[in-house]
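Have a look at the structure below before the remarks.
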Amino acid sequence: MLYVCIAFAIIVPYLICSINPAIIVAKLKSGKDIRELGSGNPGLTNTLRTMGKSAAATVLLFDVLKGAISIFAIMLFYSFINKNIIIIPTVGAVIGGIIVTEALYLCMWIGSLFAVLGHCFPIFYKFKGGKAALVTVASGLVINWLAALIALTLFILIVAITRYVSLGSMISAVLYVVAVGLTEVFLWDNPAWYIGVIFCGSIALIIVLKHSENIKRLLNGTEKKLGKREKIDG
C-alpha cells in the first residue's frame with residue numbers, strides 16, 4: 001500500500017502543479033505569453049510587474065490552492081486505501097481527523113517535492129515553469145504549518161527591508177529547512193524528523209538553483225526591486 005501511495009504522491013501533485021496560472025491569466029488578459037514578458041518567469045512577481053495587481057492576486061490564489069490541494073489529496077488517498085488497516089501513529093500528528101503515520105509523513109513530503117517539480121518543470125509547458133516559492137509555502141502549511149509560517153514571515157521581512165523578492169525567496173527557503181528540523185524535533189517530537197529535513201532541503205536546493213539568474217543580477221546590481229512595473233506593448 002505504501003508504494004501505491006508513493007506513486008500517487010509523485011504523479012498527482014506533479015500534474016496538479018504543472019498547471020501554471022500565471023501563463024493562463026496572462027494569456028486570457030492580454031493574449032500574450034508571460035514567458036516572453038518582463039523577466040520571462042511565469043510566476044507571481046512577473047505577473048504583478050507585467051499584468052497588474054488583479055492578475056497577480058488570481059495567480060497567488062491558484063498557486064496556493066494547487067500546493068495545498070496536492071497534499072490534502074495525498075492524505076485523503078492514504079486514508080482511503082488504509083481504511084481497513086490498523087494504523088500505528090509513529091509521527092503522532094492529526095490533520096483534519098487523519099492520523100499522520102511515518103508512511104503518510106513520507107508521502108506528504110514526496111508530494112511537496114513533486115509539487116515543486118511540477119511547478120518548476122511543468123509537463124504542460126515544455127518543462128519551463130516558475131520558481132515554486134508559493135507552492136512550497138502552501139504545501140508546507142499543510143505538513144508543518146509552524147515551519148512554513150516562520151519561513152513566510154522571514155520572506156516578508158526580507159522583502160520589506162530589501163525589496164528583492166528573489167533574495168527573500170532564497171533565504172527563506174534555506175531557513176525553512178532549519179525551521180522544519182527544529183519544530184519537528186523540539187516541538188512535535190517527531191521521530192521521522194529527518195524525512196522532512198531531507199525533502200525540504202531538496203526543495204530549498206531547487207529554489208536556489210531556479211534563482212541562478214537572479215543571483216547573477218543581485219551580484220552585479222541589476223536585479224529589479226519589488227514595485228517596479230514593466231511596460232508591455234499592445
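What the table shows:
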| quantity | calculated |
| --- | --- |
| In segment 22-45, the residues that are small (G, A, S) and either closer than 20 Å to F121 by Cβ or in contact with a Phe, Trp or Tyr (Cβ under 7 Å, 6 or more places away or on another chain) (or both) | A22, A26, S39, G40, G43 |
| Segment 121-134, residues that are buried (at least 21 other Cβ atoms within 10 Å of the Cβ) and under 13 Å from the mean Cα position of the chain (by Cα) | G129, G130, K131, A132, A133, L134 |
| Within segment 135-169, tally of residues that are more than 17 Å from M108 (Cα to Cα) and surrounded by 24 or more Cβ atoms within 10 Å (Cβ to Cβ) | 4 |
| Residue within segment 176-185 that is surrounded by fewer than 20 Cβ atoms within 10 Å (Cβ to Cβ), among the aliphatic types (A, V, I, L, M), within 29 Å of L15 (Cα to Cα) and modelled with pLDDT of 95 or more present | yes |
| Positions within segment 39-48 being surrounded by fewer than 21 Cβ atoms within 10 Å (Cβ to Cβ) and in contact (Cβ under 8 Å) with a residue 24 or more places away in the chain, in sequence order | S39 |
| Single residue of A73, A56, A115 found to be surrounded by fewer than 24 Cβ atoms within 10 Å (Cβ to Cβ), under 20 Å from V4 (Cβ atoms) and of a type in the set (G, A, S) | A73 |
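The values are calculated or read from the model by the stated rules, or taken from the named source; none is laboratory data. From a predicted model like this one, the values you see are computed outputs, not experimental measurements. Methodologically, a virtual Cβ is constructed for each residue, glycine included, from the backbone with ideal geometry; neighbour enumeration extends over all protein chains shown.
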